[in-house]
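Reading through the structure tokens given below for one structure.
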Ligand SMILES: [Zn+2]
Ligand SMILES: [Zn+2]
């Protein structure tokens, strides 16, 4: 299957396709849910978005070969092989002791093998990575007799074709090419009628396209597996085994046949899973796309507009998102970044920066405040937020980073700018600390503290301010003595 990749990620398979402009997007770039009730539109052209399916993003069949051959060694797989080997040995012993009656256990072995092979196809077609358990062989639609019916029907057709010469031989080749499609239909629908319906069989082969032909070739090779296993055993050993322990030899043959059946089942199932959308196969829960997250999708739309340099559209998109998610830091942040880099109107930058900084302060994300302020200052030089608590938080952050000048610039003139603000004492207490601890200007610090004690006498912080003043004075005397 030719795979399309995301227009923005060369290494990610496309999951969505715009019917109008042809844009291909991966699930990250278009995090929508295919189960969405409403029609999804393309960010770039408003055309309809079409879901390409999970199968589309699967790695190609060929790259999965090692996985197919390892499949029978997964937990339920080897348990089944062991059980089959045990049953073969047991029925072999019965056969020797009781003759023909032991045909029943042999039939059970064959039936289990058939059932398991079909269940493997069914499981893999839904993308389930684990083989069916023994118990699961008895669940669902019974298919063993139908499979025997299918084989008989194909046998009868081959017989008829055998009587019509060359065209018959051509027909037989076609027929054997269609047998896997019939088996796959039986596995996923559980109906012999479907499996023998020529239209459905041909449709399935056509839907899977060239991969189907590839599958046939691989199946032909893989079907030789059990013979090759026998060929690996030295003739002498084989002879001795047949003589002394014929049951063990039988068990080996049965288990290796079942192993290769499982491998072939995994191959057929994988091909079906790759095309499950067109074939109406419901994938297992582990492959279901996450439920619709409208916020993520709307953010992704803005990101695509930015990638296309459509900044005005991206700004409009983000302004809409801010209205819908007024307290969402990630939304506010993205809009802020966009405003600051896209030559937006300075008033708009100022207005949103104010809001964004306030939200950061409320959310206790103070470490991001300086970055946001400096980005805004690149658009609006000398910009200062209006809110005094925001300014104090910014000054505190600058103080922590030992950048005293910008800290003072933010709160240094508050007694003129906002003399009656309730936040003035806290801000000026910080200012005094910046002067004393940062700029080593105790004189200025004492001046600020005196101003506070005089102008806000009964304030809750008065005690703290008084103490700090005493400490500065005491330390000043100590250093004078030391000096
Ligand atoms: Zn489009
Ligand atoms: Zn992408």
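Quick look at the numbers
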item: Of the criteria (1) surrounded by fewer than 16 Cβ atoms within 10 Å (Cβ to Cβ); (2) in a loop (DSSP other than H, G, I, E, B); (3) within 14 Å of ligand 1 (Cβ to nearest atom), which one residue 35 fails; result: (3)
item: Options 383, 429, 356; residue that is touching a helix residue (DSSP H, G or I) at 6+ places or on another chain (Cβ under 9 Å) and modelled with pLDDT of 95 or more; result: 356
item: Residues (outside any loop (DSSP other than H, G, I, E, B) and either in contact with a helix residue (DSSP H, G or I) (Cβ under 9 Å, 6 or more places away or on another chain) or surrounded by 21 or more Cβ atoms within 10 Å (Cβ to Cβ) (or both)) located in region 56-66; result: 56, 61, 62, 64, 65
item: Those helices (runs of 4 or more DSSP H) lying entirely in region 154-222 with at least 3 residues more than 29 Å from residue 140 (Cα to Cα); result: 165-189
item: Residue check, residue 316 part of a helix (DSSP H, G or I) and either crowded, with 16+ Cβ neighbours inside 10 Å or over 23 Å from the mean Cα position of the chain (by Cα) (or both); result: yes
item: Of the criteria (1) without any contact (Cβ under 8 Å) to a residue 24 or more places away in the chain; (2) part of a helix (DSSP H, G or I), which one residue 349 fails; result: (1)
item: Among residues of region 1-32, those that are at pLDDT 90 or above, away from ligand 1 (no atom under 11 Å from the Cβ) and not in a loop (DSSP other than H, G, I, E, B), counted; result: 0
item: Some residue of region 40-55 being modelled with pLDDT under 90, in a helix (DSSP H, G or I), in contact with a helix residue (DSSP H, G or I) (Cβ under 8 Å, 6 or more places away or on another chain) and more than 16 Å from ligand 1 (Cβ to nearest atom); result: yes
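Let's see how each residue does on (1) surrounded by fewer than 20 Cβ atoms within 10 Å (Cβ to Cβ); (2) within 23 Å of residue 471 (Cβ to Cβ); (3) free of Cβ contacts under 8 Å to residues at least 24 places away in the same chain:
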| site | (1), (2), (3) |
| --- | --- |
| 387 | yes, no, no |
| 400 | yes, yes, yes |
| 412 | yes, yes, yes |
| 417 | yes, no, yes |
| 421 | yes, no, no |
| 424 | no, yes, no |
| 431 | no, yes, no |
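The values are calculated or read from the model by the stated rules, or taken from the named source; none is laboratory data. Note that the structure is predicted; figures quoted are calculated from it, not measured. Note that we place each Cβ from the backbone using ideal geometry, even for glycine, and neighbour counts take in every protein chain shown.
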